[in-house]
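Student: The structure follows.
The values are calculated or read from the model by the stated rules, or taken from the named source; none is laboratory data. None of the values given here were measured: they were computed from a predicted structure. Every residue, glycine as well, gets a Cβ built from its backbone with ideal geometry; the counts of neighbours run over all protein chains shown.
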Amino acid sequence: MWKVICGQEREIPEIIRNHTHEIAHSFLISPTQPTRVTVPVQNQRFGLGTLMDVGIDILEIPRIGKLLRRHRAHFVRRTFTDREIAAFPRRRVLYYALGFSFKEALWKTLPPRVQKQTWFNDIEIVWRQNRPQVFLRGRKLENVDLKFGHDAKTVITTVTRHRKPFHPDKAAL
């Protein structure tokens, strides 16, 4: 049994357990902790020494359903943009949950100084051809991989952000 950080201890559904276990083994991290992991890797786009920031989020779909029933206008206005809502496919509660979870996971990959300046409305998850695309302050992020899994009650999202390492000695060049 794995603990889920939300004040509860419970069994995680099979689809999510497998997805999380695979990611956790890849990065040697605990899938139950709020996670921002930076790993140096070789990447085709950026080359040797690329840094990968990984954010993972697990969310219960009924919690989002309850929020939508009780505080729909307030929750939606503070969390999602008009462009996101217009791009949601038919099963809206699932996509509200996925969008919220992706925003949390992406936020975890951001550096602490950027996190302090970033609100949910700054991050957009737009669905095109049943694939999520991420925008930060209106600009599409090309260096991000989004993955998700879900069952009837739970979603898990992972965001992997690739970036070049900063070299102070090369910054002056």
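Okay, residues lined up against (1) exposed (fewer than 11 other Cβ atoms within 10 Å of the Cβ); (2) modelled with pLDDT under 95; (3) out of contact with any Lys or Arg (no Cβ under 9 Å at 6 or more places or on another chain); (4) among the charged types (D, E, K, R):
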| residue | (1), (2), (3), (4) |
| --- | --- |
| Leu68 | no, yes, no, no |
| Ile85 | no, yes, no, no |
| His150 | no, yes, yes, no |
| Lys153 | no, yes, yes, yes |
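Student: Residue by residue through the stretch 68-87, note down the ones that are over 13 Å from Ile125 (Cβ atoms) and among the aliphatic types (A, V, I, L, M).
Tutor: The answer is Leu68, Ala73, Val76.
Student: Right, here's the next one. Residues to consider are Val54, Val76; find the one that is free of Cβ contacts under 8 Å to residues at least 40 places away in the same chain, surrounded by 15 or more Cβ atoms within 10 Å (Cβ to Cβ), under 26 Å from Lys153 (Cβ atoms) and not charged (D, E, K, R).
Tutor: Numbers: Val54 fails: free of Cβ contacts under 8 Å to residues at least 40 places away in the same chain.
None of the others qualify; the one that does is Val76.
Student: Quick check on my filter: what residues within the stretch 99-134 are surrounded by fewer than 19 Cβ atoms within 10 Å (Cβ to Cβ), among the hydrophobic types (A, V, I, L, M, F, W, C) and touching a helix residue (DSSP H, G or I) at 6+ places or on another chain (Cβ under 7 Å)?
Tutor: Residues satisfying the conditions are Phe120, Val126, Trp127.
Student: Pairs only if they're at least six apart or on different chains, beta carbon under 6 angstrom, first in the stretch 130-159 and under 12 Å from Ile58 (Cα atoms), second part of a loop (DSSP other than H, G, I, E, B); list them, first residue then second.
Tutor: Here the result reads Asp151/Pro13; Thr154/Pro13, each pair linking the stretch 130-159 to a residue that is part of a loop (DSSP other than H, G, I, E, B).
Student: Specify the residue that is modelled with the highest pLDDT; the eligible residues are those in the stretch 102-123 that are under 11 Å from the mean Cα position of the chain (by Cα) and either closer than 16 Å to Ala86 by Cα or of a type in the set (Ser, Thr, Tyr) (or both).
Tutor: Only one residue tops the list, namely Ile123.
Student: OK, next. For the stretch 101-134, how many residues meet the condition of being of a type in the set (Lys, Arg) and touching a strand residue (DSSP E or B) at 6+ places or on another chain (Cβ under 9 Å)?
Tutor: Let us first name the residues in the stretch 101-134 that are of a type in the set (Lys, Arg), namely 103, 108, 113, 116, 128, 131.
With touching a strand residue (DSSP E or B) at 6+ places or on another chain (Cβ under 9 Å) added as a condition, the list becomes 103, 108, 131.
The number of residues fulfilling the criteria is 3.
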